[in-house]
2 protein chains.
Amino acid sequence: MSKEIPQPAFHKDPKGLLPAIAQDWQTNEVLMLAYINQESWNETLQSGKATYWSRSRQELWKKGDTSGNYQIIKEILIDCDCDTIIFKVEQIGDAACHVGYRSCFFREISNNKCEIVSEKIFDPNEVYKKKG
Amino acid sequence: MSKEIPQPAFHKDPKGLLPAIAQDWQTNEVLMLAYINQESWNETLQSGKATYWSRSRQELWKKGDTSGNYQIIKEILIDCDCDTIIFKVEQIGDAACHVGYRSCFFREISNNKCEIVSEKIFDPNEVYKKKG
């Protein structure tokens, strides 16, 4: 069934930001959540690579430009209220998290304890020292 | 490996709200994204059922109280920055979305078209007419 194309409702947020979930397109593992604005959205559609808005740096964040760990867009899903996006991606370099894990969600909280449940792929000191 | 238990950083947001992703604990399908505050978090841990904060109604939202579609907590994951949570859940009633689909992310956007990609489980007019 084909429908009119829904647009993300950036106007709903005072800063024009909506959450975008990056999910592995094959395993459905959630890799990270970051925020997008209209500019990130346009850039993502145009480039075919996940592009976010960095709230800490207040700038367009072309994920992978520093680390090489680009996220190639395979599918885009939008939710019922048009205020959350899923990018189903191929994660280049096998790691999405700046701490070096495959997923930013590498810690499970259960029974008053915390366990590391994701694989450490790289040493962030090695990858990010190139910058600056 | 066991670590000190990280706490969600509700103080990071001016309204004390953080996004929580509900994910099917078996298939990893993302069912919905909603927001939690400290009260929702405490209630979720205590009750074992996903509890959110409704931004539209400005009240504690015990998911399932109206529809019966509770989300039983199976695992909780927290991200590197402690500002996003994943609830891995068993979705009672097979549907998370108030429009009647299994997932709120029932629309895929691709090649300038939009396709319905999730299963419609119930008729919202039937389920929600009970209320009010």
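Scanning for something within 11 Å of another protein chain (Cβ to nearest Cβ), among the aromatic types (Phe, Trp, Tyr) and in contact with a strand residue (DSSP E or B) (Cβ under 6 Å, 6 or more places away or on another chain), does segment B:13-27 turn up at least one residue?
no
From the list B:Arg107, B:Arg102, pick out the single residue that is among the basic types (Lys, Arg), open to solvent by 10 Å² or more (accessible area, probe 1.4 Å) and touching a residue at least 40 places away in the same chain (Cβ under 8 Å).
Going through B:Arg107, B:Arg102 in turn, the sole match is B:Arg102.
One residue is enough: does segment B:99-107 have a residue meeting the conditions touching a Pro at 6+ places or on another chain (Cβ under 6 Å), farther than 20 Å from A:Val117 by Cβ and not hydrophobic (A, V, I, L, M, F, W, C)?
So far as segment B:99-107 goes, yes, one or more of its residues are touching a Pro at 6+ places or on another chain (Cβ under 6 Å), farther than 20 Å from A:Val117 by Cβ and not hydrophobic (A, V, I, L, M, F, W, C).
Exactly one of these conditions fails for B:Glu119: (1) in contact (Cβ under 8 Å) with a residue 60 or more places away in the chain; (2) open to solvent by 60 Å² or more (accessible area, probe 1.4 Å). Give me its number.
The one condition B:Glu119 does not meet is (1).
Given the residues A:Tyr52, A:Tyr35, which is the only one that is of a type outside the set (Asp, Glu) and more than 12 Å from chain B (Cβ to nearest Cβ)?
A:Tyr52 is the lone residue from the list that is of a type outside the set (Asp, Glu) and more than 12 Å from chain B (Cβ to nearest Cβ).
When you check A:Tyr101 against the structure, is it within 10 Å of chain B (Cβ to nearest Cβ) and within 13 Å of the chain's Cα centre (by Cα), yes or no?
no
List the pairs whose first member sits in segment B:68-81 and is open to solvent by less than 40 Å² (accessible area, probe 1.4 Å), whose second member is of a type in the set (D, E, K, R) and outside any strand (DSSP E or B), and whose Cβ atoms are under 7 Å apart, counting only residues at least 6 apart or on separate chains?
B:Gln71/B:Lys63
What number goes with the only condition from (1) at the interface with chain A (Cβ under 10 Å from one of its Cβ atoms); (2) of a type in the set (A, V, I, L, M); (3) in contact (Cβ under 8 Å) with a residue 60 or more places away in the chain that B:Val89 does not pass?
If we test B:Val89 against (1) at the interface with chain A (Cβ under 10 Å from one of its Cβ atoms); (2) of a type in the set (A, V, I, L, M); (3) in contact (Cβ under 8 Å) with a residue 60 or more places away in the chain, just (1) comes out false.
Among (1) crowded, with 18+ Cβ neighbours inside 10 Å; (2) closer than 21 Å to A:Asp81 by Cα; (3) not basic (Lys, Arg), where does B:Asp94 come up short?
(1)
The values are calculated or read from the model by the stated rules, or taken from the named source; none is laboratory data. Note that the structure is a prediction, hence the values are computed from the model and not measured. Heads up, the Cβs are rebuilt from the backbone with ideal geometry, glycines too, and the neighbour counts pull from every protein chain shown. Ligands, DNA and RNA are stripped out before the accessible areas are found, and what is left, the full protein with its side chains, is counted by its heavy atoms. Shrake-Rupley method; radii C 1.70, N 1.55, O 1.52, S 1.80 Å.
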